[in-house]
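Below is one structure; the comments refer to it alone.
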Amino acid sequence: MGMEIERKFLVRPGWQPQSRGTPYMQGYLYAGGKGPTVRVRVAGQKAFLTIKGPPEGLARLEFEYAIPLEDARQMLGSLAGGGVIEKTRYLVEHAGHTWEVDVFAGRNSGLVVAEVEIAHPDEPVVLPDWVAEEVSFDHRYANAYLSLYPWPEWKNDRGTQ
C-alpha cells in the first residue's frame, strides 16, 4: 500500500530554477470532492495513472502505475474532466529533503508551489528562504481543484504569493 505525506507551500516571487525542469501535463478522470481522485500524468516522456485517496491530515493513500505514453495522451485529450494542468517541475535539494517546485503555465500561469514529501506528519522540515505561506490544508491548491478552478480566477483570495 502506498502512502503520500506531503507539505505544500507557495513560493516567493523572484525564485529562479537552478536546474532543468521536467514538463508535466495532467488531468483528472475522476475527482470526487472529498473522495478519491484518478489522475493521468505525462512527465517528460513517461506517463502514469495515479489513484489517490481522500486526505487525512497531511497523508493520503497513493497508488501510481506507469502506462503507455500514447494512452496517457489520448486519455488527457478525451477523458480528462476540467482543464489539463500544465507545469514544469524542478527538483531542489535543501537540508536533507528533495523539494518539488511546480511552475504552472496555461490556465494557472503565475502560480508557483513547492511540495516536500516527508516520512511522517510530525517530521521536522527546514524551510528554504524562498518558500512563503504554507497551503497544505487549503484544498484550492490541489491540482484537481486547479484543473476546474484556475488560480488567476480566484481574484484577491489567493494567499501571499
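Here, each number is a calculation from the coordinates, and none is a lab measurement. On a predicted model such as this, the values are computed, not experimentally measured, just so you know. Cβ atoms come from the backbone with ideal geometry, glycine included; neighbour counts cover every protein chain shown.
Numerical summary
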{"quantity": "Of Ala66, Ala47, Ala95, the one that fluctuates the most in a GNM where the chain has Cα springs shorter than 10 Å", "calculated": "Ala95"}
{"quantity": "Cross-link pairs beyond the 18 Å C-alpha cut-off, checked among Lys8/Lys52; Lys8/Lys46; Lys46/Lys87", "calculated": "Lys8/Lys46"}
{"quantity": "Length-normalised contact order for the chain - Cα pairs under 8 Å, 6+ apart - percent", "calculated": "29 percent"}
{"quantity": "MRE, 222 nm, helices only [DSSP H, n ≥ 4, -39500 (n - 2.57), over the chain, to nearest 500]", "calculated": "-2500 deg cm²/dmol"}
{"quantity": "For the chain, the spread of Cα positions along each principal axis, largest first, Å", "calculated": "41, 35, 31"}
{"quantity": "Charge dipole of the range 51-110 about the Cα centre (unit charges at C-beta), most positive-ward option of Ile67, Gly57, Gly82", "calculated": "Gly82"}
